[in-house]
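Bear in mind that the values in this text are calculations on the coordinates, not laboratory data. Note that the structure is predicted; figures quoted are calculated from it, not measured. For neighbour counting, all protein chains shown are included, and Cβ atoms are generated from backbone atoms with ideal geometry for every residue, glycine included.
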There are 4 protein chains.
Amino acid sequence: MAAKNNICKGLSKVTQMKLKSGMTVDDLVKEMGRSGVMGAGRISHASDIMEKMFVDKDCTVFLGLAGAMVPGGMKAIIIDLLKSGKVDVLVTTGANLTHDLIESLGYSHFQGTQNIDDKELNKQKVDRIYDSFMPNEVYEGMEDFFEKNFDKLAKTKKNIKEFLWELASLLPKSDSILKTCYEMKIPIFCPGIADSGIGLMIWGHIARGKNIDVNAFDDLKEILQIAWDCKRAGIIYLGGGVPKNYIQQAMQFSPKGADYGIQITMDRPEPGGSSGAELREGISWGKMSKKGYFVDVICDVTIALPIIYASVKDRMKI
Amino acid sequence: MAAKNNICKGLSKVTQMKLKSGMTVDDLVKEMGRSGVMGAGRISHASDIMEKMFVDKDCTVFLGLAGAMVPGGMKAIIIDLLKSGKVDVLVTTGANLTHDLIESLGYSHFQGTQNIDDKELNKQKVDRIYDSFMPNEVYEGMEDFFEKNFDKLAKTKKNIKEFLWELASLLPKSDSILKTCYEMKIPIFCPGIADSGIGLMIWGHIARGKNIDVNAFDDLKEILQIAWDCKRAGIIYLGGGVPKNYIQQAMQFSPKGADYGIQITMDRPEPGGSSGAELREGISWGKMSKKGYFVDVICDVTIALPIIYASVKDRMKI
Amino acid sequence: MAAKNNICKGLSKVTQMKLKSGMTVDDLVKEMGRSGVMGAGRISHASDIMEKMFVDKDCTVFLGLAGAMVPGGMKAIIIDLLKSGKVDVLVTTGANLTHDLIESLGYSHFQGTQNIDDKELNKQKVDRIYDSFMPNEVYEGMEDFFEKNFDKLAKTKKNIKEFLWELASLLPKSDSILKTCYEMKIPIFCPGIADSGIGLMIWGHIARGKNIDVNAFDDLKEILQIAWDCKRAGIIYLGGGVPKNYIQQAMQFSPKGADYGIQITMDRPEPGGSSGAELREGISWGKMSKKGYFVDVICDVTIALPIIYASVKDRMKI
Amino acid sequence: MAAKNNICKGLSKVTQMKLKSGMTVDDLVKEMGRSGVMGAGRISHASDIMEKMFVDKDCTVFLGLAGAMVPGGMKAIIIDLLKSGKVDVLVTTGANLTHDLIESLGYSHFQGTQNIDDKELNKQKVDRIYDSFMPNEVYEGMEDFFEKNFDKLAKTKKNIKEFLWELASLLPKSDSILKTCYEMKIPIFCPGIADSGIGLMIWGHIARGKNIDVNAFDDLKEILQIAWDCKRAGIIYLGGGVPKNYIQQAMQFSPKGADYGIQITMDRPEPGGSSGAELREGISWGKMSKKGYFVDVICDVTIALPIIYASVKDRMKI
């Protein structure tokens, strides 16, 4: 009898979650925390960790953005996170920046469906991103924008971060991830920038004999310096890919690895890729602190992020 | 130019979700609906469909319960759904009923972890259900309960549904799925009942030469009659397995297949099993109405169900 | 320097797999074993464990069959496994038995597609199982068969295992899982039998006032006795669901839990259900031996099973 | 009766797969093709498409390499593919190149386990990649290599492709992906090169005030020119990420989109990211030809690739 208590004695009971009409998101997350297990437990754990890293004045927060956040409806939430002043570094795919730019230029994504004949979409010049549709005409708008601005962008040698800030400076006023980073002086890193609609626009000018001198390695020294200088580090991964991996790599240079960590992903760990890797794997590499607070939320970002952050906004009155 | 408008013209734009400090769960779900795509869009769609099927007085609602809902903290929400009067039929695994019974007998599940040495748990007599722990002593409590009640249960020939209601009638007063169904006269079906701790308890008596005459097929006529008689049918699948498949099978006998459908699952469709099958596949079989409202929510039930139902509770003041 | 050797010193190197024109499946599996990691490593590990459990004369082998094995093209492989004499107990879903019966009656499944309008399929009376099609007319054939045989089946009281053997005895000669089990005297358990096309056929007669007395719990004493009596136990799970869980439950009564274990599944562990649970979780419950050989193969059964078993057939000249 | 034949009449039956002792991998794949459905059907379909694209003399083949192919034991198979002369373009993550380089320098990966305390690994300076281990000392070897070669690499301005070929030219003779591409004059693209151990090595020199001028956008014109010039295009995606997306983007500039396509992935489409997107989605964008042959194999690359390619090697005597 004694034996079995050793393990369970120190543990909280699973409290069955209770719902109420009119409850707030933070009420819900707290109920999830009372149950404490499986997906609900992880959501609640993620809210607690996000709050901890945002409250910690000595924590430098790195946000990694993969996937299709803008056509997935997450743009305003990302901007809210950036404007809160809690995020110090943004690493993203080129796709997110391209869709952000597209909306800045006045275009929209549409609520479509994946149960459709893609040949018909092609005929009608509509590009599909799962169940989100984008009219192909956005490329014309981007071409006009880069036609007007390429020479300014190409004037001086620069690295990718500098290129993105300069690009942002040229954008019209708008609810934009790029613009917000520029205005808030949040460094944006995008190692794979050539792999995006923005890359294609640059190519359009290179192909016609123009030149733009953007260094592929140079801004490494900025992100690694930030990691090196930080007292404590917090990481938030919305999906995996290059953004996650690039921050993970920087964490190897932070004093003791990340102290706080949240990743939201639907990828699995078993195939061995970086995107699906559990955060605890990072401890072996020194990317995560042995004493850190981490959680892997196995969930669609468009479901988990709004819950987690709405709850933190309520707690911290952001 | 005209062409591309044909498709997008009729569609809503993806509106970037906005969060607010203090927002309610229903506010959140409505924001998810404004974005309308990917996981967020499906959560919002599921709330709308649940509301529709609950408001529809002529709709008979079938709830399928797989997985580990009680150790996962979902018991009170299931009971709330049952007590709302909106659920007409419950189909469940034996595991859910066993964990429900265990809590009725005064035991608890604990907030554990999956990152643990299972040999150590075994030594300490703790059973693991992913990150939920259950002290093995619960079996003693179940044995006492069945020791006291077996003869009553075995007195008459019965089918599984009758067996479960009788079992429920013998339970102590408690927050219990079984008891609630019994009190609300909601039929419970559990075709795989032998595959559960309850099955093991019955076996304990059979092994000692006792007899209990529970018919494996007999209650089919009840669930199929309910399906046959219903004017419209609504289905809610929390996970897959036998509960989903058993209701799907009943739907073939409803007048035109289910009119409303929500499934929440993390299983994939590609391996071809029933658990991961998209609801639209049911249209081919006549299990789903060609004109029905359906949504597949690809999410952990312990995350999606609380959001969806909290939002519906708010809208309908349940 | 010394420290780091402690862990890697005892380990095999990852040897990069080499392919050759004309290589056998067993050659391939051995190459996978030389790499030893990720999916390939697990396939190879599974072949080794299957060989071990088949070679071990004192090992009782339990095969659990979920999913859609027959429309997925796995029937002949299952029959081969049964006929090899290496499998002692079969636990299955009703769906597998129903599709097996359908083919016994002369019908076929067809190579279809999931990218199709299910309304059109419904109009043409074709039932879809992911990308496998089944003409709905199979139900007429089943009805005729049960019309002819119901009275024989219903003559005596029986349990589910006895029901299935008797059903098998009435089948025409054919390549059939059911028939093979009957002929080889391999007990078949199917706790959820009411949840299947076979269940529906029985209901068709109950609904017309006929009676059939099949006990839902009675055959528990047979499977648990087999588990109790076995010197060593081996388990093979093709998918999860009731078949896996029912064998897991039986393993609690084997002398020390299963000694050999293979599960092939695409389900994830994080949602907490039995289907996706890692085999090591079973150690806590006493379902798996602390000293057992186990592997979780995260793969579509229709890919992994043929490779694993073809390799074992070669090694053992089955 | 007539109606139902319309759909099934034109279809092949699901033929139950048969296994034989000593069968070759190609025999197995052909059996999978006879069943034609689910995972097995897709493997077989992938072999057929790979054969088609390799036989087609006018087809330019683009290979995308994500994930952890080298620690996962796939290096020699990739090299075999490259040496076959069938692959015209390689796009990869920096991680694959880094692990390839590490083995070129004489280090190994080890067959580890994911069920381990990462803190202990960290103490012993072992880095974990799921169940593959890498001693951290590999970084010393890389530092030595770059110390010796940095100045050569930095001598002239170049783009990433040129950088990688030059890096390859400096490598010791070895079984290496990089070296093979260099020797075969297969262009390698790696837009995210800064996100890798190689990136870190370069940073090590930048941080000490050295300079290396590698252009982030410049090689876009090479891959897009290849896409533009090709008569027909074939794509093979091993995992998703930047390699897949970068090739997809190039396909928009091929005459009519890819004519042949194979992707092997465990990612799901529902979250909306590029990695999990079904190939058919590319038709809407013009990345895939409307008349192309495509297949999505939902499987661990380390399982599916060896089977598919071993079968093609046999058929084509590669």
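Under the convention of a label 7 Å out along Cα→Cβ, give the distances in nm from A:LEU170 to the same position in every other copy, shortest first.
3.3, 7.9, 7.9
For chain C, modelled as a GNM with alpha-carbon contacts under 10 angstrom, which of C:LYS210, C:LYS57, C:LYS123 fluctuates the most?
Its mean-square fluctuation being the largest, the pick is C:LYS123.
Take the residue pairs C:LYS83/C:LYS173; B:LYS9/B:LYS291; A:LYS52/B:LYS18; D:LYS30/D:LYS179; A:LYS161/D:LYS161; B:LYS123/C:LYS13 and return only those whose Cα atoms are more than 26 Å apart. Please report the intermediate quantities before stating the final value.
Values: C:LYS83/C:LYS173 15 Å; B:LYS9/B:LYS291 23 Å; A:LYS52/B:LYS18 23 Å; D:LYS30/D:LYS179 34 Å; A:LYS161/D:LYS161 21 Å; B:LYS123/C:LYS13 34 Å.
Long pairs (Cα-Cα over 26 Å): D:LYS30/D:LYS179; B:LYS123/C:LYS13.
Between segment D:19-98 and segment B:221-274, how far is it from one alpha carbon centroid to the other, in angstrom?
Measuring centre to centre over Cα atoms gives 39 Å.
Distances from D:ASP229 to the same residue in each other copy, label points 7 Å out along Cα→Cβ, in nm, shortest first?
4.6, 7.4, 7.6
Can you tell me the dipole magnitude for the protein assembly as shown around its Cα centre, using point charges on the Cβ only (Lys, Arg +1; Asp, Glu -1), in Debye to the nearest 20?
0 debye
Which residue in chain A puts its Cβ closest to the axis that rotates chain A onto chain C, and at what distance in whole Å?
Closest Cβ to the A-to-C rotation axis, residue and whole-Å distance: A:ARG268, 3.
Using square roots of five times the C-alpha gyration tensor eigenvalues, list the equivalent-ellipsoid semi-axes of the protein assembly as shown in whole Å, biggest first.
Square roots of five times the eigenvalues give 48, 33, 31 Å.
Output, in nm with one decimal and in ascending order, the distances from the C:ASN6 label point to the matching label points of the other copies (7 Å from Cα along Cα-to-Cβ).
2.2, 7.0, 7.2
Rank B:TYR246, B:TYR260, B:TYR107 by mean-square fluctuation in a GNM of chain B with C-alpha springs under 10 angstrom and give only the top-ranked residue.
B:TYR107
Hey, fewest Cβ within 10 Å first, where do A:ARG34, A:ARG208, C:ARG128 land in order?
Exposure proxy ranking, most exposed first: A:ARG208, A:ARG34, C:ARG128.
Which net charge results for the neighbourhood of C:LYS75, defined as the other residues with beta-carbon distances under 14 angstrom from its beta-carbon, given Lys and Arg at +1 and Asp and Glu at -1?
Numbers: positive: C:LYS83, C:LYS179, D:LYS13, D:LYS18, D:ARG34; negative: C:ASP80, C:ASP100, C:GLU103, C:ASP175, D:GLU31.
Surrounding charge for C:LYS75 is 0.
Given the -39500 (n - 2.57) contribution per DSSP H run of 4+ residues, what per-residue ellipticity at 222 nm results for chain C, rounded to the nearest 500 deg cm²/dmol?
-14500 deg cm²/dmol
So between A:GLU137 and A:LYS152, what do we pick up on full extension, going 0.36 nm a residue minus the alpha carbon distance?
Using 0.36 nm per residue and subtracting the Cα-Cα distance, I get 3.0 nm.
Specify whether the C-alpha gyration tensor of segment C:62-173 places it in the rounded, prolate or oblate class, a ≥ b ≥ c being the square roots of the eigenvalues: rounded for a/c under 1.5, otherwise prolate if a/b is larger than b/c and oblate if not.
Since a/c reaches 1.5 but b/c is at least a/b, the shape of segment C:62-173 is classed as oblate.
When B:TRP285, B:TRP165 are ordered from fewest to most other Cβ atoms inside 10 Å of their Cβ, what list results?
B:TRP165, B:TRP285
Within a 10 angstrom radius of the beta carbon, how do A:THR60, A:THR156, C:THR302 rank from fewest other beta carbons to most?
Working: A:THR60 21, A:THR156 11, C:THR302 28.
Sorted ascending by nearby Cβ count, the order is A:THR156, A:THR60, C:THR302.
Springs between alpha-carbon atoms under 10 Å, Gaussian network over chain A: tell me which of A:LEU97, A:LEU19, A:LEU279 tops the mean-square fluctuations.
Maximum among the listed residues: A:LEU19.
Run the simple label-point estimate for B:MET184 and D:LYS256 please: 7 Å along Cα→C-beta, distance reported in nm.
Roughly 5.9 nm, to one decimal.
Cross-link list D:LYS185/D:LYS317; A:LYS290/C:LYS290; C:LYS125/C:LYS148: which exceed 32 angstrom alpha carbon to alpha carbon? The partial results should precede the final answer.
On the way: D:LYS185/D:LYS317 23 Å; A:LYS290/C:LYS290 28 Å; C:LYS125/C:LYS148 25 Å.
Violating the 32 Å limit, Cα to Cα: no pairs.
State to the nearest 20 debye the size of the charge dipole of segment B:150-193 about its Cα centre, where the only charges are +1 on K and R beta carbons and -1 on D and E beta carbons.
Using only the charged Cβ atoms, the result is roughly 140 debye.
I need the helices of chain B that pass two filters: whole DSSP H segments spanning 20 Å or more by Cα along the axis, and mean Kyte-Doolittle score no lower than 0.0.
Length and hydropathy pass: B:38-55, B:301-316.
Determine the percent antiparallel among the DSSP beta bridges restricted to chain C, to the nearest 5.
20 percent
Would you list, by chain and number, the aspartates and glutamates whose Cα falls below 20 Å from the Cα of C:LYS86, excluding same-chain residues fewer than 8 positions away?
C:ASP26, C:ASP48, C:GLU51, C:ASP56, C:ASP58, C:ASP175, C:GLU183, C:GLU222, C:ASP229, C:ASP259, C:ASP314
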